[in-house]
Amino acid sequence: MTERAVGERRSRGLRFVVHEHKATRLHHDFRLEVAGVLKSWAVPKGPSMNPAEKRLAVMVSDHPLVYAEFEGIIPEGSYGAGPVVIWDTGTYVPLEEDPRDGVKTGKLAFELHGKKLKGAFALARMTGRGTGKEWLLMKKRDAHADPQWKLKTALTPQRLKGLEVKTPPCETE
């Protein structure tokens, strides 16, 4: 991608998606478009609009951009078997450096423009312990922050009935 194309893309906003995924355990997969792939973090308690709640976010394998549209039931015997739905989607704008650099340095700041998640957020890699894949997902204090915010599931019985068994459009571990 040329520098001009990158600049034009950034001005329109890059994509983000949050999948709600009931595999071994219910969790949310937070994904940001970075350098032509979806950088991905598993967030056990899901994202929050409350700045007081810092959420563990474990970096997992990159996914292709087409995965942003995936909904379905990953078949038994496959990695991540279980239902997956889009919990939120939209665009984001980096607030500081190029997101590629932020992934390398362990510090990303961005503004989300989603249906549920809005405003300034940050991802910061935890240091000093663990595997190096542990990050914190944090809502910044802004006009969109909501101290009373509660996570609501998208995996309702009605939504589950409409899902088909599908193999995801990517190689997963």
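Only the coordinates and a few stated rules stand behind these numbers; no lab work does. Not measured: the values here are computed from a predicted model. Cβ sites come from the backbone with ideal geometry, for glycine too, and all protein chains shown count toward neighbours.
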query: If the chain between residue 127 and residue 159 were fully stretched, how many nm would it gain, using 0.36 nm times the residue separation less the Cα-Cα distance?
result: 7.6 nm
message: Could you tell me which residue out of 78, 144, 169 lies farthest along the dipole of the chain toward its positive end? Charges go on the beta carbon: Lys and Arg +1, Asp and Glu -1, centred on the Cα centre.
response: 144
- line: Fewest-first ordering of 37, 17, 165 by Cβ atoms within 10 Å yields 165, 37, 17
- request: Please determine, in degrees from 0 to 90 and to the nearest 10, the orientation of helix 3-12 with respect to the longest principal axis defined by the Cα atoms of the chain, where the helix direction is its Cα long axis.
  value: 70
field: For the chain, built as a Gaussian network whose Cα springs stay under 10 Å, the top-fluctuating residue of 82, 130, 90
entry: 130
task: With Cα extents along the principal axes in Å defined as stated, name the option among (1) 41, 41, 34; (2) 63, 42, 28; (3) 68, 34, 27 computed from the structure displayed.
output: (1)
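What number, in nm² with one decimal, is the all-direction average of the projected area of the convex hull of the alpha-carbon atoms of segment 18-85?
Working: hull surface 19.2 nm².
Averaged projected hull area, Cα only: 4.8 nm².
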query: Can you pick out the pairs among 54/115; 116/161; 104/140; 22/161 whose Cα atoms lie more than 18 Å from each other?
result: 54/115; 116/161; 104/140
statement: A correct fewest-to-most ranking of 89, 127 by other Cβ atoms within 10 Å would be 127, 89
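Assigning unit charges at the beta carbon (Lys, Arg +1; Asp, Glu -1) and nothing else, what dipole magnitude in debye, to the nearest 20, does the chain show about its Cα centre?
Values: 29 positive and 22 negative charges, 117 e Å.
The dipole of the chain has a size of about 560 debye.
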